[in-house]
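Below you'll find the structure, written out as structure tokens, and then a few comments.
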Amino acid sequence: MRAHALILLGAPGAGKGTQAREIARHFGIPQISTGDILRDAVKRQTALGLAAKAKMEAGELVPDEVVCGIVEERTNEADCQKGFILDGFPRTISQAQFVERMLGARGKGLPLVIDIEVSEELLLKRLTGRATCSVCGEIYNIYFNPSKVEGICDKDGGKLLHRADDNEATIRQRLEAYHEQTRPLIEYYQGQNVLLAVDGNKEPEAIAKGVTDFLSKS
Ligand code: ADP
């Protein structure tokens, strides 16, 4: 993979996190999820967490300056020197412009962008059925990919948790934020000729294989 930064674009529930984990493992570069960083800050009740909590619970976007600061700081760490995957960022045109400025300042070229497209019906099932291991972060789904024992992770016995924002009202708001603020990024990146659209309605393994094959050649 030649690009220094890989961006995963897609609606909530499109499978960005699942794919980012797989690609990160495959290429040995870190996955940076702004959602995970923000949730961790909320849990630890840091100043960042306190500032972001209300927005996240409402299904709205956290202000650009806040998330851009997180990404700038995290991607400056040593493990990002060889490249990184952004999952859940950028989500607005202004965040996309920030990525470009940041990469440019570090002497890197444009990012490569994977857009994961999933039908609205499937998105809703994925989000309402999602459960995540509190220990290792493995993602399950009660409809499609249940754990062997209900509520318990197959890998390490950790408790499976539903995200606070995976309830119907918040999901609706998150999808609206996606349509209004994030979807315009597709056209933006098409214009730069850096976008690969993939069918996210398929099984995660099949999607991951298509994406990693493509990235190995590009
Ligand atoms: P999803 O993509 O399933 O909605 P994430 O875990 O990526 O979930 O994000 C959860 C929440 O964190 C978002 O609804 C938003 O409030 C906040 N968030 C994450 N990334 C960003 C971002 N790049 N810009 C603004 N807010 C963000």
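The values are calculated or read from the model by the stated rules, or taken from the named source; none is laboratory data. Just so it is clear, the structure is predicted and the values come from calculations on it, not from any experiment. Every residue, glycine as well, gets a Cβ built from its backbone with ideal geometry; the counts of neighbours run over all protein chains shown. Ligands, DNA and RNA are stripped out before the accessible areas are found, and what is left, the full protein with its side chains, is counted by its heavy atoms. Shrake-Rupley method; radii C 1.70, N 1.55, O 1.52, S 1.80 Å.
Taking the listed residues 178, 140, the one that is at pLDDT 95 or above and open to solvent by less than 20 Å² (accessible area, probe 1.4 Å) is 178, with no other qualifying.
Just wondering, is there one or more residues in segment 144-153 that are at pLDDT 95 or above, open to solvent by less than 40 Å² (accessible area, probe 1.4 Å) and on the phi > 0 side of the Ramachandran plot? Looking through segment 144-153, at least one residue is at pLDDT 95 or above, open to solvent by less than 40 Å² (accessible area, probe 1.4 Å) and on the phi > 0 side of the Ramachandran plot. Considering only residues that are among the charged types (D, E, K, R) and within 11 Å of the ligand (Cβ to nearest atom), which ones fall in segment 56-96? Residues satisfying the conditions are 57, 60, 64, 65, 87, 91. I'm checking my understanding of the structure. Among residues of segment 91-104 that are farther than 22 Å from residue 15 by Cα and free of Cβ contacts under 8 Å to residues at least 40 places away in the same chain, which one is most open to solvent (accessible area, probe 1.4 Å)? Taking the candidates together, the pick is 101. For segment 22-37, the set of residues classified as open to solvent by 10 Å² or more (accessible area, probe 1.4 Å), within 21 Å of residue 140 (Cα to Cα), in contact (Cβ under 8 Å) with a residue 24 or more places away in the chain and of a type outside the set (S, T, N, Q) consists of 22, 24, 26, 35, 36, 37, listed by residue number. For segment 154-166, the tally of residues that are within 16 Å of the ligand (Cβ to nearest atom) and either outside any loop (DSSP other than H, G, I, E, B) or at pLDDT 95 or above (or both) stands at 1.
Filtering 208, 169, 177, 131 for residues that are closer than 24 Å to residue 4 by Cα and either assigned to a loop (DSSP other than H, G, I, E, B) or touching a residue at least 24 places away in the same chain (Cβ under 8 Å) (or both) leaves a single hit, 208. Do we find that residue 10 is in contact (Cβ under 8 Å) with a residue 40 or more places away in the chain, among the small types (Gly, Ala, Ser) and either more than 27 Å from residue 211 (Cβ to Cβ) or in contact with a strand residue (DSSP E or B) (Cβ under 7 Å, 6 or more places away or on another chain) (or both) in this structure? Criteria met by residue 10. Across segment 10-55, the qualifying residues are those that are in a strand (DSSP E or B) and more than 10 Å from the ligand (Cβ to nearest atom), and the one among them that is farthest from residue 182 (Cα to Cα) is 31.
The listed residues are 88, 107, 69, and the only one of them that is loosely packed, with under 14 Cβ neighbours inside 10 Å and at positive phi turns out to be 107.
Only one of the numbered conditions (1) touching a residue at least 12 places away in the same chain (Cβ under 8 Å); (2) surrounded by 18 or more Cβ atoms within 10 Å (Cβ to Cβ) is not met by residue 82, and that is (2). Quick one: would you say residue 41 is open to solvent by less than 40 Å² (accessible area, probe 1.4 Å), of a type in the set (A, V, I, L, M), modelled with pLDDT of 95 or more and under 26 Å from residue 167 (Cα atoms)? Here the answer is yes, as residue 41 does meet what is asked.
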